[in-house]
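S.K.: Here it is, the structure, as structure tokens.
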Amino acid sequence: MPLVVAGAGRLRFLAFSLLLSLATVPTLAQLDPQTKQLSRDIFQQLIEINTTDSVGSTTVAANAIAKRLLDAGFPNQDVVVLGPNDRKGNMVARIHGTGAAKPILFIGHLDVVEALRSDWTTDPFKFIEKDGYFYGRGTQDMKESAAVLVTTFIRLKKEGFRPDRDLILALTADEEGGKSNGVNWLLKNHRDLIEAAFVLNSDAGGVDLEHGKPLTFNVEASEKLYGDYQLTATNAGGHSSLPGPDNAIYHIADALTRLQAYTFPFELNPVTRAYFARTSMLESGGTAADMKGILENPPATEALAHLSAIPKYNATIRTTCVATRLSGGHANNALPQTASANVNCRILPGHSREEIRQQLIQIFNDPKITVCYVTDAGEVKDTAPESKGVPPTELQPEVVQPLEKVVAQMWPGVPVVPVMEAGASDAKYTSEAALPTYGINGIAIDIDDVRAHGKDERVAVDSYYHGVEFYYRYVKLLSGGKS
Ligand SMILES: [Zn+2]
């Protein structure tokens, strides 16, 4: 798994330290036994199909889901499995609506991060129910949400629901790693199949629990851009017994010291502004006051200083760049001919990776240092991409109004909070393709029990079934149905 997608969707960006007194225990989902069994069967089937990049196949999973949809009454022409090779298949299915509005695209990935049997207590590719949890690789990231989507599509089809717009489901390959990202491939090769007014990404957002109590319903409405930069200083070198003032290692050390002292400008966007406005109402004391303070115009200086000292808030209010690797020299008794460092940046939406490269050059202010861009594939380039992605927008009412309605039914008192993730998911491809993308799912995970990409990954049985019911209600309400 490349660093670029580390901690993608399910890594919770928020970690509140408060207990929310307003929130009550969620109303239990009223799932009929048939739907319950169906959703469990699909979940189990997906967990037990190995979809890792090393030895697995998303095609096997895509075909299994396609078969279920066809068995449920989807016509042949509305279900396709396609991809760049045998092992990296993607599944795209469609429910036709009346055409009153442009389609909605639902995305989720079928692949999972590697898992070693020897690291786990149970077999990661066996679906096991134990102590109120479902265990297996992908139970948090994100076969649970893929199973929820498939169950929802089958339910809607079986009851003959006619939405006011087409509903498109794309379950894809290589979000976690690999060379055949399915969302990217579909956008480049079959855009017509997935063209939509907006995208709902099940790999992000979700309900944060603390000790079983729901705190917030997070909607990912923006992501930072990822960028690696390589700094290099060169020198003629020579014998270390005769050092001159110029030294490649000193140049790099000076540059990194300047970077350490530099703070990128404070900047809010509609998403982070709404995030702080809502979160300030959940926090108490100084933190709440600081959050309100930075929303003033101009922001209160002290409030800004306080929040900048807390990494998760600092990462929300500015671009960050940090040294992550360092190397230099070739012998203990020789002057270094080369020294280099990697600087990793997480860039606010609305700025390009080239713009940040130019900014780094100014910060280092040293003609002896070259600043190159390093691609996801590890290639070193003289310049960086100019693309900025789509700037974040306020949550569209057509997305958020039905959402708030269903959240109020299923998690009474829990606020819907828009968040910007410091990581990256497949939303980066859809956003760059000018499709507004929101990370929404109804699976509740305790903030102390985030096990995505880790060992003994699990999801609470109740959370899962509640998520099944949530998505069904939400999709219906989104597309012209009644709650
Ligand atoms: Zn994921």
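S.K.: Can you spot a residue in the range 344-358 that is away from the ligand (no atom under 16 Å from the Cβ), farther than 22 Å from residue 320 by Cα and either out of contact with any His (no Cβ under 9 Å at 6 or more places or on another chain) or among the acidic types (Asp, Glu) (or both)?
M.R.: no
S.K.: Taking only the range 186-202 into account, find how many residues are surrounded by fewer than 24 Cβ atoms within 10 Å (Cβ to Cβ) and within 16 Å of the ligand (Cβ to nearest atom).
M.R.: Of the residues in that region, 0 qualify.
Here is a yes/no grid of residues against (1) open to solvent by 50 Å² or more (accessible area, probe 1.4 Å); (2) away from the ligand (no atom under 16 Å from the Cβ):
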position	(1), (2)
77	yes, yes
84	yes, yes
95	no, yes
101	no, yes
104	no, yes
110	no, no
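S.K.: Also, quick follow-up: When you check residue 429 against the structure, is it within 14 Å of the ligand (Cβ to nearest atom), within 18 Å of the chain's Cα centre (by Cα) and not acidic (Asp, Glu), yes or no?
M.R.: Taking the combined requirement at face value, the residue satisfies it.
S.K.: Given the conditions (1) over 30 Å from residue 338 (Cα atoms); (2) away from the ligand (no atom under 16 Å from the Cβ); (3) open to solvent by 30 Å² or more (accessible area, probe 1.4 Å), which single one is not true for residue 178?
M.R.: The number of the failed condition is (2).
S.K.: When the residues of the range 361-402 are filtered to those that are open to solvent by less than 40 Å² (accessible area, probe 1.4 Å) and more than 26 Å from the chain's Cα centre (by Cα), which remaining residue is farthest from residue 232 (Cα to Cα)?
M.R.: Here the residue is 363.
S.K.: While we're here: Which numbered condition trips up residue 267, out of (1) crowded, with 18+ Cβ neighbours inside 10 Å; (2) under 22 Å from the mean Cα position of the chain (by Cα); (3) modelled with pLDDT of 95 or more?
M.R.: Here residue 267 clears every test but (1).
S.K.: Among the listed residues 295, 282, which satisfies the condition of being surrounded by 14 or more Cβ atoms within 10 Å (Cβ to Cβ) and modelled with pLDDT under 95?
M.R.: Step by step, each of 295, 282 is checked, and only 282 is surrounded by 14 or more Cβ atoms within 10 Å (Cβ to Cβ) and modelled with pLDDT under 95.
S.K.: Between residues in the range 446-459 that are in contact (Cβ under 8 Å) with a residue 12 or more places away in the chain and within 16 Å of the ligand (Cβ to nearest atom) and residues that are open to solvent by 30 Å² or more (accessible area, probe 1.4 Å) and in a strand (DSSP E or B), which pairs lie under 7 Å by C-beta distance while being six or more apart or on different chains?
M.R.: From the range 446-459, the pairs are 451/458; 458/133; 459/133.
S.K.: Okay, moving on. Which one of the conditions (1) surrounded by fewer than 16 Cβ atoms within 10 Å (Cβ to Cβ); (2) charged (D, E, K, R); (3) more than 26 Å from the chain's Cα centre (by Cα) does residue 290 fail to meet, given that it meets all the rest?
M.R.: It fails just one condition, (1).
S.K.: I would also like to ask the following. Output yes when any residue across the range 156-168 is open to solvent by less than 10 Å² (accessible area, probe 1.4 Å), within 16 Å of the ligand (Cβ to nearest atom) and not small (Gly, Ala, Ser), and no when none is.
M.R.: No, there is no match, as no residue in the range 156-168 is open to solvent by less than 10 Å² (accessible area, probe 1.4 Å), within 16 Å of the ligand (Cβ to nearest atom) and not small (Gly, Ala, Ser).
S.K.: Out of the residues in the range 322-360 that are of a type in the set (D, E, K, R) and surrounded by 14 or more Cβ atoms within 10 Å (Cβ to Cβ), which is nearest to residue 243 (Cα to Cα)?
M.R.: 357
S.K.: Just to be sure I understand, how many residues within the range 152-172 are of a type in the set (Val, Ile, Thr) and more than 24 Å from residue 435 (Cβ to Cβ)?
M.R.: Qualifying residue count, the range 152-172: 1.
S.K.: For the range 112-149, which residues satisfy the criterion of being under 20 Å from residue 57 (Cβ atoms) and away from the ligand (no atom under 16 Å from the Cβ)?
M.R.: Of everything in the range 112-149, those that are under 20 Å from residue 57 (Cβ atoms) and away from the ligand (no atom under 16 Å from the Cβ) turn out to be 116, 117, 123, 125, 126, 127.
S.K.: List the number of the failed condition for residue 32; all other conditions in (1) over 24 Å from residue 451 (Cβ atoms); (2) modelled with pLDDT under 50 hold.
M.R.: Among (1) over 24 Å from residue 451 (Cβ atoms); (2) modelled with pLDDT under 50, the lone unmet condition for residue 32 is (2).
S.K.: Pick out the one residue from 215, 259, 242 that is out of contact with any Asp or Glu (no Cβ under 8 Å at 6 or more places or on another chain) and not in a loop (DSSP other than H, G, I, E, B).
M.R.: Just a single option satisfies the conditions, and that option is 259.
S.K.: Could you tell me which numbered condition residue 121 fails, if it satisfies all but one of (1) outside any helix (DSSP H, G or I); (2) more than 20 Å from residue 460 (Cβ to Cβ)?
M.R.: (2)
S.K.: Report, by residue number, each residue of the range 203-235 that is open to solvent by 40 Å² or more (accessible area, probe 1.4 Å) and at pLDDT 95 or above.
M.R.: 230, 234
S.K.: Is it the case that residue 153 is at pLDDT 95 or above, more than 14 Å from the ligand (Cβ to nearest atom) and farther than 22 Å from residue 74 by Cα?
M.R.: Criteria not met by residue 153.
The values are calculated or read from the model by the stated rules, or taken from the named source; none is laboratory data. Worth saying up front: this structure is predicted, and the values here are computed from it rather than measured. Don't worry about glycine lacking a Cβ; one is built from the backbone with ideal geometry, like all the others, and counts go over all protein chains shown. Just the protein is used for accessible areas: all its heavy atoms, side chains included, with ligands, DNA and RNA removed. Shrake-Rupley method; radii C 1.70, N 1.55, O 1.52, S 1.80 Å.
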